[in-house]
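Accompanying notes for the structure given below.
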Amino acid sequence: MLDLINVDYSTQIPNNVDLANDRQLLRALGKWHPGYIDWWKSMGPEGFQEKLVYLRTAISVDPKGWAKFDYVRMPEYRWGILLAPQEEGRKVSFGEHIGEPAWQEVPGEHRAMLRRLIVIQGDTEPASVEQQRHLGKTAPSLYDLRNLFQVNVEEGRHLWAMVYLLHKYFGRDGREEADELLVRRSGDADKPRMLGAFNEETPDWLSFFMFTFFTDRDGKMQLESLAQSGFDPLSRTTRFMLTEEAHHMFVGETGIGRIIQRTCEAMKQAGIHDASDVAKVRALGVIDLPTLQKKLNLHYSLTLDLFGSEISTNAANFYNAGLKGRYRENSINDDHRLTNSTYPVLKFIDGNIQHMDEPALTALNMRLRDDYSEDCAKGVERWNKIIEKEGFAYRLALPHVAFNRKIGEFRNMEASPSGIVLPAADWLKAKDEYLPSTSDGDYIASLMKPVMEAGKYAPWIAPPRQGIDNKPGEFEYVKFVA
Ligand SMILES: [Fe+2]
Ligand SMILES: [Fe+2]
């Protein structure tokens, strides 16, 4: 009997899906693999492909001990196919098929919808690698450089996870979609990635940390709702991806936390009491808190757009079909069909932002977005604790959901971060107060000087409290001499 907890490394593609005995799948993945490696080498981290990076690789899907750490050259990383263990007797837990046994094969009537969900998720994974490919050159430390690459190789593995589903369960059109995932490019005018935020630039490390805090957290919400899926292979795949995703959000949250720490320490040392005195703080060579707030405003609003329109029949169809559930579906106490319930949706009506009760089924995007905002707010509070502990009155806050939106109810209006509706002219005047301006970007760019000496950190960020894999401060996370 095959051991489905531990990973089989005897094939080129590590897996716990008995790949060695699935000739058809092996053939499909074997054909796709060279294209993937080409993509990684041309679109993956620039300038570091030959370096030895201290990375974790999954060797098991046991949540208590699933990874091992070692030095690896990134193109030789063992990207694999890893599914959380199958739950005996699992059932569809929502929608019109509620109570039926979970599907082990694609339900024919929902095939197109299911494929679309997988492709949309799959497209985000390589996109973020492309967005982050230049960051290695300006890493603030070897510790951060390693974390960047860890996130990158795992996003690569998430692409594998989705390609596995396409190859295994969708035949020819699945293979075509898998090929297309290697053709689209983040920010490309002709072949862009599918979702807006994944075509934006990630020009500096502040953007990277904000991205991993906000946008990887959207990833978490999407994966959580796909983990509820009645299509069991999708549920098992995404459940394991969530284990990896946690580290990406850790990188973002602690990255910003360390910037805040450093800024507060520098302000204290210089005797600055007013954290909003941008010029004085910048003279210290650290990132002022108002600029952090602007970056936060940008990344939060861009990421909210990823949740789609507040009212969506697609979302209702995904749910009805049992393909995509709600965040923590199983701990919600209702009928899990939602045919007769409503949900309060924030709308823009007659020039006012107000709540309206809408059918709960079509309001599922709004609901997931609310859960997301709540999760974000907790992280922002943890940042505020650092500021508070250092003795400053400044507070960071999430902007209003109507602020800077391109999709949904608020796409054709402007609002301030506090949610006050603004005429277009006022918005234009105030924009640079709300979002990073060109000069903010120039200032941040001026700080992005690489620090590649083990144990040393750029002057705008504090060292982490703990090393990766409990390594000491001087540890060489990336080796330049192989
Ligand atoms: Fe991912
Ligand atoms: Fe991620």
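Quick notes on this structure:
- Annotation: of all residues in the range 141-158 being of a type outside the set (S, T, N, Q) and either within 11 Å of ligand 2 (Cβ to nearest atom) or under 14 Å from the mean Cα position of the chain (by Cα) (or both), the one that is surrounded by the most Cβ atoms within 10 Å (Cβ to Cβ) is His158.
- Pick from the range 431-482, criterion among the polar types (S, T, N, Q) and not in a loop (DSSP other than H, G, I, E, B), ranking: nearest to Tyr54 (Cα to Cα): Asn470
- On inspection, Asp188 does not qualify as of a type in the set (Asp, Glu) and either within 16 Å of ligand 1 (Cβ to nearest atom) or within 22 Å of Ile13 (Cα to Cα) (or both).
- Count of the range 28-69 residues, restricted to those that are among the hydrophobic types (A, V, I, L, M, F, W, C), more than 20 Å from Val478 (Cα to Cα) and free of Cβ contacts under 8 Å to residues at least 40 places away in the same chain, is 1.
- The one condition from (1) over 30 Å from His97 (Cα atoms); (2) part of a loop (DSSP other than H, G, I, E, B); (3) touching a strand residue (DSSP E or B) at 6+ places or on another chain (Cβ under 6 Å) that Lys347 does not meet is (2).
- Of the residues screened, Lys168 is one that is away from ligand 2 (no atom under 16 Å from the Cβ), assigned to a helix (DSSP H, G or I) and either of a type outside the set (Val, Ile, Thr) or at pLDDT 95 or above (or both).
- Checking the stated criteria, Ser141 turns out not to satisfy the condition of being within 16 Å of ligand 1 (Cβ to nearest atom) and out of contact with any Cys (no Cβ under 9 Å at 6 or more places or on another chain).
Here's the yes/no breakdown for (1) touching a residue at least 24 places away in the same chain (Cβ under 8 Å); (2) among the β-branched types (Val, Ile, Thr); (3) within 19 Å of Leu19 (Cβ to Cβ):
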site: Ile81; (1), (2), (3): yes, yes, yes
site: Gly89; (1), (2), (3): no, no, no
site: Pro101; (1), (2), (3): no, no, no
site: His110; (1), (2), (3): yes, no, no
site: Arg146; (1), (2), (3): yes, no, no
site: Val163; (1), (2), (3): yes, yes, yes
site: His167; (1), (2), (3): yes, no, yes
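- Set Gln354, Gln293: member being closer than 21 Å to Val421 by Cα and not in a helix (DSSP H, G or I): Gln354
- The residue of the range 189-223 that is nearest to ligand 2 (Cβ to nearest atom), among those that are closer than 20 Å to Met162 by Cα, assigned to a loop (DSSP other than H, G, I, E, B) and not aliphatic (A, V, I, L, M), is Arg193.
- Filter result (closer than 19 Å to Ile349 by Cβ and touching a Pro at 6+ places or on another chain (Cβ under 6 Å)) within the range 401-435: Phe403
- For the condition within 14 Å of ligand 2 (Cβ to nearest atom), without any contact (Cβ under 8 Å) to a residue 24 or more places away in the chain, part of a helix (DSSP H, G or I) and closer than 25 Å to Met366 by Cα, Leu242 qualifies.
- For the range 35-69, the candidate set comprises residues that are over 22 Å from the mean Cα position of the chain (by Cα), over 26 Å from Asp144 (Cβ atoms) and at pLDDT below 95; within that set, the residue that is surrounded by the most Cβ atoms within 10 Å (Cβ to Cβ) is Ser60.
The values are calculated or read from the model by the stated rules, or taken from the named source; none is laboratory data. Keep in mind that what you see is a predicted model, and the values were worked out from it rather than measured. No Cβ is skipped: glycine too gets one built from the backbone with ideal geometry, and neighbour counts run over all protein chains shown.
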